[in-house]
Amino acid sequence: AQAVPGALLPADVGDGGVPSPLLRQDEQLELLERLDFVVRNIVELRKEVEELRNSLQHLAVEIVGEVRTHLEETQRVTRRRRFPFSRDRSDSTGSSSIYFTASSGNANTDDGESEGGYTTANAESDYDRESERESEEGEDEVSCETVRTVRRDSLDLVPEDESPLVLDSSLEEGLGQLLEQADRLHSGDEQDKREGFQLLLNNKLAYAGQREFLWRLARAHSDMWELTEDADERRSYATEGKEELELALQKWDQSAECHQWFAILCGQVSEHESIPKRIQAGYVFKEHIDKAIALKPEDPQLYYLLGRWCYQVAHLGWLEKRTVSALFEAPPTATVQDALQNFLRVEELSPGFSKAGRVYIAKCYRDLGNASAAVLWMDLASKLPGNTKE
């Protein structure tokens, strides 16, 4: 009776009576099994709802993109109807500049005459030109306002072609809080990193056009690559993160973080590839790490990554060296001394930055024949906590 929850005991048992459960043991087990079945179904239902929500988010992005494309195409067709035949124009600079301004979809506000008589080529009256200009400006305002309304309704989810979205104050504040939470979860344990990845994934629709969000999303893909054991899933996480940054680098080539995590993800993708592809990825890795260092020369993490690259190149196997010589005219070159200098630079910028970094310093000294320095740095490494899987 003591092992049975109170809810299963009769309420009218006296002080001298022996309490007995309302349910027999086999009935209790059956009840617990049914409760467990209900819990499992609720968990599966939550997963299905989450998948449905993600699908609806992707559908919303596609709808907004189609509406925007349709509006822009309608605007272009309207302008083509307004100028149904070509105008004769001279080769003067003024005439050409007016023509290209009009054809690019911007309202022409230049009332001056070009050298070649561009404004009179169609024998238009001043009244006709003024009416046409007012009509064009009015249609432009309506079209632009419609596009802006669509963007507001979609929380500015579709990024501009040439510049990042300008968020309103509420969205900007929400993004700041989101980034802080993502950084905190990235620095936590495995469960925190999984939560951080899901958090960023759930907010991708709202902030996909923001640089600070995108490189953190790519970083979260890298975290999932490290936490996952299945080879196919690892390849999928690394590939998706790399694709996110390929688009980001087209806009933000001056972002050290975008270059850094693109290089890391390239390396992670290459671990599942053949030797030639791994070597090719090594070139890409080095290129983007160098760019990141040029943009952010005081970041110890970048020198650690460069040191790892130098150490691996210095220890290429015979088969890899032959492959490099056969495929590339200028094979990558690096020595153990190059690697050591980068690892020591890490310690200079941030002493105790990485346990693995100190281990690599010890390896470099060992390879260079300095056993006492190797022992010293291994001892220093052992004093640092092991916070990462590596």
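Couple of notes before you dig in:
- Positive contributions from Lys and Arg (+1) and negative ones from Asp and Glu (-1), summed over other residues with Cβ under 14 Å from the Cβ of Cys310, come out at +1.
- Length released on extending from Ser382 to Arg184, taking residue separation times 0.36 nm less the Cα-Cα span: 68.7 nm
- In this view, the solvent-accessible surface of Lys363, computed with a 1.4 Å probe and all protein chains in place, comes to about 70 Å².
- Using a Förster distance of 25 Å, the FRET efficiency for Leu227-Val49 (Cβ separation, nearest 0.05): 0.55
- Net charge contributed by nearby residues that have their C-beta within less than 15 Å of Lys193 (K/R +1, D/E -1): -4
- A simple count of charges around Gln177, restricted to other residues whose Cβ falls under 12 Å of its Cβ and scoring Lys, Arg +1 and Asp, Glu -1, yields -3.
- In the context of the full set of protein chains, residues of the stretch 299-389 present 56 Å² of accessible surface per residue (probe radius 1.4 Å, heavy atoms only).
- The stretch 378-390 - phi-based ³J(HN,Hα) in whole Hz, Karplus 6.51/-1.76/1.60, Gly and Pro as x: 5, 5, 5, 5, 5, 7, 8, x, x, 8, 10, 4, 4
- When only alpha carbons are used to place a centre, the stretch 336-379 and the stretch 278-295 end up 22 Å from one another.
- The stretch 256-390 shape via C-alpha gyration tensor axes, a/c threshold 1.5: oblate
- For the stretch 182-297, alpha-carbon Rg relative to the globular expectation (2.2 N^0.38 Å, N residues): 1.03
- Length available on full extension from Glu172 to Leu349: 0.36 nm per residue minus the Cα-Cα distance, which gives 60.5 nm.
- Listed pairs Lys296/Lys355; Lys193/Lys389; Lys355/Lys389; Lys242/Lys277; Lys204/Lys242 exceeding 18 Å between Cα atoms: Lys296/Lys355
- Förster radius 25 Å - calculated FRET efficiency between Gln250 and Ile63, Cβ distance, rounded to 0.05: 0.55
- With R₀ fixed at 30 Å, the C-beta to C-beta distance from Lys389 to Glu329 puts the FRET efficiency at about 0.20.
The values are calculated or read from the model by the stated rules, or taken from the named source; none is laboratory data. Everything quoted here is computed from the prediction, not taken from an experiment. Counting neighbours? That spans all protein chains shown, and the Cβs are built from the backbone with ideal geometry, glycine included. Areas reflect the complete protein model, heavy atoms only, side chains present, ligands, DNA and RNA absent. Shrake-Rupley method; radii C 1.70, N 1.55, O 1.52, S 1.80 Å.
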